1. For the stretch 410-457 and the stretch 174-208, write down the distance between their C-alpha centroids in whole Å.
2. Principal axis lengths of the stretch 191-238 from Cα atoms, whole Å, largest first?
3. Within the stretch 201-222, name every residue whose backbone N is under 13 Å away from a label modeled 7 Å from Cα of R231 along the Cβ vector.
4. According to the square roots a ≥ b ≥ c of the eigenvalues of the Cα gyration tensor, what is the shape class of the chain, taking rounded for a/c under 1.5, prolate for a/b larger than b/c otherwise, and oblate for the remainder?
5. Assuming R0 = 41 Å, what is the FRET efficiency of L240 and Q126, from their Cβ-Cβ distance, to the nearest 0.05?
6. For Y222 and T108, compute 0.36 nm times the residue count separating them, minus their Cα-Cα distance, and round to one decimal in nm.
7. Could you do me a favour and compute the accessible area per residue for the stretch 18-88, 1.4 Å probe, result in Å²?
8. Where the accessible area of the stretch 29-138 is counted over protein heavy atoms with a 1.4 Å probe, how much of it, in %, is carbon and sulfur?
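The values are calculated or read from the model by the stated rules, or taken from the named source; none is laboratory data. What you are looking at is a predicted structure, and each value in this text was computed from that prediction instead of being measured. Ideal geometry is used to build each Cβ from the backbone, glycine not excepted, and the neighbour counts take in all protein chains shown. Areas reflect the complete protein model, heavy atoms only, side chains present, ligands, DNA and RNA absent. Shrake-Rupley method; radii C 1.70, N 1.55, O 1.52, S 1.80 Å.
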Amino acid sequence: MRPPTPTKPRDLTSGPVLKTLVLFSLPTLASNLLQSLNGSVNSIWVGRLLGEAALAATANANIIMFLTFAAVFGFGMAATVKMGQAFGASDTDQARRTFGTAMGFCLTLALIVAIAGWLASPALLQALGTPEQAYTLALSYLRVIFIAIPGSMATVMIAMGLRGSGDARTPFIFMALTVLLDIVLNPLLIAGIGPFPRLGIAGSALSTAIAGYVSLAGLVAYVYWRDLPLRLRGREIGYLIPRRAEMGYILGKGLPMGAQMLLVSSAGIVFIGLVNREGLFAAAAYSASLQLWTYLQMPAMAIGAGASAMAAQAIGAGKLDRLDQISRAGVSTNLVLTGVMTALLLLFDRAALVLFLGPESPAVALARHIQFLASWSFIIFGVTIVLFGTMRAGGVVYAPLIVLGIALFPARLGFYYALVGTLGQDALWLSFPFGSFVGVALAIVAYRRKGWRLKARAISPERAAEEVNTNGEAVGRFKPDM
């Protein structure tokens, strides 16, 4: 059976810019919504069945896991680019070599991280200042989650590789399977329903691990059953041993992307450490807020990915005059979508937060306060994501890294330390809009500079869209959006 012909990229260089951008972005938005729904439902089960301490524990654990994935995610994105180029050139063997090297390298890293993370979990949680009431729960949850890392990483790598071959449908199907299994197993293993053991918060983590490994097994079986281009047989199994030629590309292109994700996740770790100092209810309220903020940044992420793919094709076609049209369409769409979502959230914030915390939780009032002070900042942050999406399409790597670094550390953390004595705990929540304003101001300055347009070099639309994933904040995500 011959491998399927790689899907040709859709032409994004003609037609109405706004309509094309919206239609192109919708599938990405749907995929990200599905992925985040998993984490939200799990948090609802944990919060309602086990209470505020358990919910705070998952927030502390998830930010550590996001950092772990961030360390490897950039390499996967770089491998996807090279695989896409190989498939485009009808060189399936080269694509398999790249996939094998990336899989072997990333799985090795994942195994090392899983073992080291299991052993270092107590120290990691202590470094975060995890509240005493949540510490034992967080340790149980985190250690089991580390067991899931190799399987989750393998699934991510296969999904990225399939998209590089033009197949976005298969990863979506098995992502849906993972979400469904995790949602169903969570309450069964937490509460010990029916024949299942009562494991408490460890049951939530175990359900994530089981769902991930079952889905991985199904995905691998499907790849071989359909004889998809990425399957390795016979001598090709040796491709799993990393090779210098492929590793040079993966490391060279992956490190800048990984560096930005590490920057974002490390800022998240520092911030949750500051929240933990405020006590259990602050940590629980912040954890619930993070789950809602996951959805607030989704429109900007999807639109940014669409704008980046459109800009990449425009640069490749020499239509540089189209770049500003794409950016304007992206910014206006983000303002509308994220603005509407923020308004709805603030109107119905209590109902949403009660899902995670329960109606009687004293953390609900604080969580509502956090929402009103900080949620609207994601409207501003979305503008930064869209502008950087367009710039990344031209091969701009370091400007987004520098701007986000300034917005997250000197700006956001500087605001907190400068005003915590005056504002108290509110300095934490108000640092979000302050950092977003600094970020968007610097992004506009960088975007308006003509130098990047003159030096713009075309990259693949797939790579351009993938790189936007490095812009988003960690918020409540267990791992980066795919």
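1. 39 Å
2. In descending order, the Cα extents are 46, 20, 13 Å.
3. Label zone hits: 219-222.
4. oblate
5. Details: r = 37 Å, r/R0 = 0.89.
Efficiency, rounded to the nearest 0.05: 0.65.
6. So the chain would gain 38.7 nm between Y222 and T108.
7. I get 29 Å² per residue for this part.
8. It is 66 percent, rounded to a whole number.
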